[in-house]
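Everything on this sheet refers to the single structure shown next.
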Amino acid sequence: MGRGLSDARPVSGERLMTTPMLKFVSVAQKQPDKRTAQARRADFAEIYEDFSPAAAGEQASRCSQCGVPFCSVHCPLGNNIPDWLMLTAEGRLEEAYEVSSATNTFPEICGRICPQD
């Protein structure tokens, strides 16, 4: 007979899961550096600095470690976010753009400002 959900005792050789589900994400989330207000007063450039290609790839690689792509499920456009981030992490930026453009007519906007964030 199968074990019920309320049966929390481990069977011989089995251990209870005691760690958070997302422990496998080994790369910490980082945001690009924010420019000072003094620097921003002089121009209309971005508030945040650009990630270097290596840093962007490292952050994109976090997605491939996720395992639960809620980003795609909740994307109103149905964007294939895990695949385009995987391609970005691999340095295949043109292919990532093509995947993004397949479901999104304005990837340059949704890649920067996501209403679901």
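Given the conditions (1) modelled with pLDDT under 85; (2) surrounded by fewer than 15 Cβ atoms within 10 Å (Cβ to Cβ), report the number of the one that Arg62 does not fulfil.
(2)
I'm told Cys75 meets every condition in (1) in contact (Cβ under 8 Å) with a residue 40 or more places away in the chain; (2) loosely packed, with under 15 Cβ neighbours inside 10 Å except one. Can you identify the failing condition by its number?
That leaves (2) as the condition not met.
Condition test on Phe44, is it closer than 20 Å to Ile109 by Cα, surrounded by fewer than 14 Cβ atoms within 10 Å (Cβ to Cβ) and at pLDDT 85 or above? Working first, answer last.
Numbers: closer than 20 Å to Ile109 by Cα: yes; surrounded by fewer than 14 Cβ atoms within 10 Å (Cβ to Cβ): yes; at pLDDT 85 or above: yes.
For Phe44, the condition - closer than 20 Å to Ile109 by Cα, surrounded by fewer than 14 Cβ atoms within 10 Å (Cβ to Cβ) and at pLDDT 85 or above - is met.
Residues checked against (1) farther than 22 Å from Lys34 by Cβ; (2) β-branched (Val, Ile, Thr):
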| residue | (1), (2) |
| --- | --- |
| Ile47 | no, yes |
| Cys66 | yes, no |
| Val73 | yes, yes |
| Leu85 | yes, no |
| Glu98 | yes, no |
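The values are calculated or read from the model by the stated rules, or taken from the named source; none is laboratory data. Please read these numbers as outputs of a predicted model, since none were measured by experiment. Glycine gets a Cβ as well: all are built from the backbone with ideal geometry, and neighbour counts include every protein chain shown.
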